[in-house]
Every structure is written in structure tokens, then in C-alpha cells.
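The values are calculated or read from the model by the stated rules, or taken from the named source; none is laboratory data. Predicted, not measured: the structure shown is a model, and the values here were computed from it. Glycine also receives a Cβ, built like all others from the backbone with ideal geometry; neighbour counts cover every protein chain displayed.
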Amino acid sequence: MENCVQSLRNKVSLRLRCEHVAADSSRGNIFILILLLVLSGAIGAMADSPRKTILILGDSLAAGHGLDPQEAFPALLQERINEQKLPYDVVNAGVSGDTTAGGVRRMPWLLRRHIDVLVLELGGNDGLRGITPKETRANLEKMIDLAREKNPQVKIIIAGMQMPQNMGEEYTAEFREVFRRVAKEKRTELIPFLLEGVGGKADLNLPDRIHPNQQGHKIIAETVWKTLQPILTETSK
């Protein structure tokens, strides 16, 4: 009789232990399931987070004339953006020899994609060709209007340019003022002079003394970044 009772106790104890293990296993499975759901949600949110676009509409400066494209300032800006893990892609729409009129003509095609930040780096060739500041101003304003018609929230930066004094004192002064005036009236950000610290310096330019070399583009990237970075930080929140 005592043996039977002991046998019964053993069976009950074994059953309880099995039920305890099963309960622990069940709780573990639930925890793993919850963890997987959380992780999949986080990954999904990351995958769904849209990248934003910075369009640099420019001429040979943006195109990196005489250099590898990766050495030009738009590519250097993308490196900065990646380092700070900001959700932006830089689109380099630099075309050597382009003018503000050419920029106006290219805008409809470029605006087929959504643009969050527009950097207008055009006007240098206008000055070198003696195009009137009035025409340059009208073209800059037109590009801004087209961008805002497509996306009213677009952020715009105008990269100012200056002409050498041999273009004439009156012309150079009027030309320089165009960029400041457009930025003020259209309420855009302004880089007063894109080639600040680079223009006219032989060691920072190619032999033609017009186009920046690799080191010159690093300085240009730093100049643009001072204006661009606060915009990206604010709009990526």
C-alpha cells in the first residue's frame, strides 16, 4: 500500500514539473513573439522612412569641371550628410556652361521628382557672357517660382557669384547685388559668395584660374554646408 502511495506521489510530482516547464516555455515563446513584433515594426518604420532630395542646379562648378565627380562639392556634401545620418540624397544637376536661362529650361524636367531643398548655383556664366543683371534676376526668380509651384514647402538656397573687376565697376556691382536682392525679396537663404576664399587663388584652382581644384571644392563644400546644415537638421526632425 505504501509503495502505491509513493508511486502516485511521484507521478503527481512529475506532472507538476512538466506543467511548470511548459508554462515557462510558453512564457518564453510569448516574449520572443513580442520581441519579434517590436523589431519588425522598427525595421518597417525605418524602411518606410522616405529619403528627401537636395537638388543642386548649377554649372561647371557643381559639375566639378576637370575633376572626378566624387571630388566636386555636391559629392562632398553627400559625404557630410551620410556622416550625420541625415535622410537626404544630393542630386547633382550641374551642367558645364549653363546659364540661368538654361536653368529655367531644365526646371520642368528636374521637377518631375519631388525636391525638398533646391540650391541654385547658376549665374556665373551669365556674368562672363555679359548678360544683363536684369535678365539674370528674372531667371532666378522664375526658377524659384517654378520650384514653389511644385512644392510650396521647398527650401531654397541661392549661391551668390561675383565678377572680376575687369568686367567694369558698374556691372560687377550690379551683378553682385542681384543675388542678395532676389534672396531678400523671395525670402530664400543666401550664400553671399560661393567661391569665398577660393576665387582668384592659384593654389585652389585649376590652371585655367577659373575652376576650383580638389582642395578648392573642399572649401566650397564647407561654405555651402554652413547654410545647408541648419536647414537639413531642422527639416529632418
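Answer yes or no as to whether Met167 is in the same structural domain as Pro87 (by TED's automatic domain parsing), of a type in the set (A, V, I, L, M) and free of Cβ contacts under 8 Å to residues at least 40 places away in the same chain.
Details: in the same structural domain as Pro87 (by TED's automatic domain parsing): yes; of a type in the set (A, V, I, L, M): yes; free of Cβ contacts under 8 Å to residues at least 40 places away in the same chain: no.
In short, no.
Looking at (1) outside any loop (DSSP other than H, G, I, E, B); (2) among the hydrophobic types (A, V, I, L, M, F, W, C); (3) touching a residue at least 60 places away in the same chain (Cβ under 8 Å), which is the only condition Leu194 fails?
Here Leu194 meets the rest and fails (1).
For region 201-211, check the following and say yes or no: at least one residue is in a helix (DSSP H, G or I), of a type in the set (Lys, Arg) and either in the same structural domain as Glu83 (by TED's automatic domain parsing) or at pLDDT 95 or above (or both).
No, that holds for no residue.
Mind listing whichever residues of region 49-80 are among the polar types (S, T, N, Q) and either under 22 Å from Asn125 (Cβ atoms) or in contact with a Ser or Thr (Cβ under 6 Å, 6 or more places away or on another chain) (or both)? Spell out the reasoning first.
Residues of region 49-80 that are among the polar types (S, T, N, Q), as a first pass: 49, 53, 60, 70, 78.
Scanning region 49-80 gives a single hit, Ser60.
Could you name every one of the helices (runs of 4 or more DSSP H) located completely within region 27-125 that has at least 2 residues being among the small types (Gly, Ala, Ser), at pLDDT 95 or above and within 30 Å of Pro207 (Cα to Cα)?
It comes to 60-63, 100-110.
List the pairs whose first member sits in region 55-77 and is among the acidic types (Asp, Glu), whose second member is part of a loop (DSSP other than H, G, I, E, B), and whose Cβ atoms are under 7 Å apart, counting only residues at least 6 apart or on separate chains?
Every condition considered, the pairs that remain are Asp59/Val95; Asp59/Ser96; Asp59/Gly97; Asp59/Asp98; Asp59/Leu122; Glu71/Gly64.
In region 146-187, which residues are in contact with a Ser or Thr (Cβ under 8 Å, 6 or more places away or on another chain), hydrophobic (A, V, I, L, M, F, W, C) and over 25 Å from Pro212 (Cα atoms)?
Val182
Okay, residues lined up against (1) among the small types (Gly, Ala, Ser); (2) within 20 Å of the chain's Cα centre (by Cα); (3) loosely packed, with under 15 Cβ neighbours inside 10 Å:
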| residue | (1), (2), (3) |
| --- | --- |
| Glu121 | no, yes, no |
| Ile131 | no, no, no |
| Asn139 | no, no, no |
| Asp145 | no, no, yes |
| Pro152 | no, yes, yes |
| Ala159 | yes, yes, no |
| Phe175 | no, no, no |
